[in-house]
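Chemist: One structure, pasted below without further comment.
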Amino acid sequence: MLTFVEDTRLEAGVEVDPVLRKVAVVAVVRNEYAGRFVDDLSPYYEASVELGEKIAGLAVEQMKPYGIESYGKAAIVGLDGEQEHGVALLTTPYGNVLREAVGGGAAWISSATKRAQPGASIDIPLAYKDALYVRSHYDAMSITLHDAPLPDEIAVICCFANRGRPHHRVGGLSIDDAIGEDGLT
Amino acid sequence: MPADPMSAAATVGTPLPDEIAVICCFANRGRPHLRVGGLSIDDATGEDGLI
């Protein structure tokens, strides 16, 4: 498992208050379906619950003392697997573990999945956890995994942030005006 | 689930320090061999932006 913590204290020479913290936690697991086509991927939905609890638990710890306003998820599949294998580890059971870890979330969890070699970077999308249209929180965290995933591995990722972008000022729905019930507004 | 991004790399050294690369991306279908359930495109209503 890997943990990435990024604190932004200054942007364009102006203090960021409160500090923007982004955390990504990665679990690299063996891909049982690497190198062969298996139609039924449902065992991965079930496996993603325990995996998600470990990943999200670490991420919540690393976010302290800050609260969590944004979340996102991602997977990088090693070269012998399919993108679909990564998606199978990020479905609703995994998402609900993340929601529970952050104290509830009404919005869907933005995601990115791809197949890549070790050394690849990925931009994990971030959005406000209760209302997707909150523009201040459209963001991403970029991470690079230097020795993973190997061809028969999958890197499963969750990402949290405590606030929107530094000096956000392009309008749209604000977090204060969001209702947080339908996941959009 | 919007889980199918496209990766691209500019080969001419962009953006330069005083430039911004503005991007849009389209696709004609879902992932190859999609089979992890969830709402299907046939069952989607397409009105509220969610379902």
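The values are calculated or read from the model by the stated rules, or taken from the named source; none is laboratory data. Just so it is clear, the structure is predicted and the values come from calculations on it, not from any experiment. Reconstructed Cβ throughout: ideal geometry from the backbone, glycine too, with neighbour counts over all protein chains shown. Just so you know, the surface numbers come from the protein's heavy atoms only, side chains and all, with ligands and any DNA or RNA stripped out. Shrake-Rupley method; radii C 1.70, N 1.55, O 1.52, S 1.80 Å.
Chemist: Taking the Cβ of residue A:30 as the centre, find all other residues whose Cβ is under 14 Å away and add up their charges (Lys, Arg: +1; Asp, Glu: -1).
Modeler: Every neighbour counted, the sum reads -3.
Chemist: Related question: Which residues belonging to region B:19-37 lose at least 10 Å² of 1.4 Å-probe accessible area when the assembly is complete, relative to their chain isolated?
Modeler: B:31, B:32, B:33, B:35, B:36
Chemist: Follow-up. With springs connecting C-alpha atoms under 10 Å apart, model chain A as a Gaussian network and identify which of A:88, A:56, A:127 has the largest mean-square fluctuation.
Modeler: A:88
Chemist: Right, another one. Which order do the peptides A:136-148, A:173-185 take when ranked by the mean count of other beta-carbon atoms within 10 Å per residue, highest first?
Modeler: Values: A:136-148: 17.5, A:173-185: 14.8.
Ranking the peptides A:136-148, A:173-185 by packing returns A:136-148, A:173-185.
Chemist: Which percent of the accessible area of the protein assembly as shown is formed by carbon and sulfur heavy atoms (probe 1.4 angstrom)?
Modeler: C and S atoms contribute 52 percent here.
Chemist: Tell me, what HN-Hα J-couplings in whole Hz come from the Karplus equation 6.51 cos²θ - 1.76 cosθ + 1.60 at θ = phi - 60° for each residue of region A:79-87, using x for Gly and Pro?
Modeler: Coupling constants for region A:79-87: 5, 8, x, 9, 3, 4, 5, x, 4 Hz.
Chemist: Once phi is turned into θ = phi - 60°, what whole-Hz ³J(HN,Hα) does the Karplus curve with 6.51, -1.76 and 1.60 give for every residue of region A:102-117, x standing for Gly and Pro?
Modeler: Karplus-based 3J(HN,Hα) across region A:102-117 equals 9, x, x, x, 8, 8, 5, 9, 4, 9, 9, 9, 7, 9, 7, 8 Hz.
Chemist: Between region A:1-44 and region A:76-146, how far is it from one alpha carbon centroid to the other, in angstrom?
Modeler: 7 Å
Chemist: When the Karplus curve 6.51 cos²θ - 1.76 cosθ + 1.60 is applied with θ = phi - 60°, which whole-Hz ³J(HN,Hα) does each residue of region B:34-49 get, with x for Gly and Pro?
Modeler: Running phi through 6.51 cos²θ - 1.76 cosθ + 1.60 with θ = phi - 60° gives 5, 7, 10, x, x, 4, 9, 5, 5, 8, 6, 8, x, 10, 8, x Hz.
Chemist: Let me ask something additional. Show which lysines lie in cross-link reach of residue A:114 when reach means a straight Cα distance below 19 angstrom and same-chain residues fewer than eight apart are skipped.
Modeler: Partners within reach: A:73.
Chemist: Next up: Suppose all protein chains stay in the model; what accessible area per residue would a 1.4 Å probe give for region A:2-161, in Å²?
Modeler: I get 41 Å² per residue for region A:2-161.
Chemist: To continue, here is another question. Which of the aspartates and glutamates could a cross-linker span from residue A:22 if the Cα-Cα distance has to be under 19 Å and same-chain partners fewer than 8 positions apart are dropped?
Modeler: Within the straight-line limit of under 19 Å, residue A:22 reaches these aspartates and glutamates: A:6, A:7, A:11, A:53, A:61, A:69, A:100, A:123, A:130, A:139.
Chemist: Shielding by partners for A:81-92, please: the mean number of other protein chain Cβ atoms within 10 Å of each residue's Cβ.
Modeler: For peptide A:81-92, the averaged partner shielding equals 4.
Chemist: In region A:9-50, what chymotrypsin sites (Phe, Trp or Tyr not before Pro) fall in a loop by DSSP, with at most 10 other Cβ atoms inside 10 Å?
Modeler: When the chymotrypsin sites (Phe, Trp or Tyr not before Pro) of region A:9-50 are filtered for loop state and at most 10 Cβ neighbours within 10 Å, A:37 remain.
Chemist: OK, next. Can you tell me which of A:15, A:50, A:153 moves the most in a GNM of chain A? Springs connect C-alpha atoms under 10 Å apart.
Modeler: Highest fluctuation among the options: A:15.
Chemist: Counting protein heavy atoms only and a 1.4 angstrom probe, how many square angstrom of accessible surface do chains B and A bury in total, to the nearest 100?
Modeler: For chain B against chain A, roughly 1500 Å² becomes buried.
Chemist: If every alpha-carbon in the protein assembly as shown counts as one equal scatterer, what log10 I(q)/I(0) does Debye give at q = 0.09, 0.14 1/Å?
Modeler: After summing over all Cα pairs, the log10 values are -0.38, -0.96.
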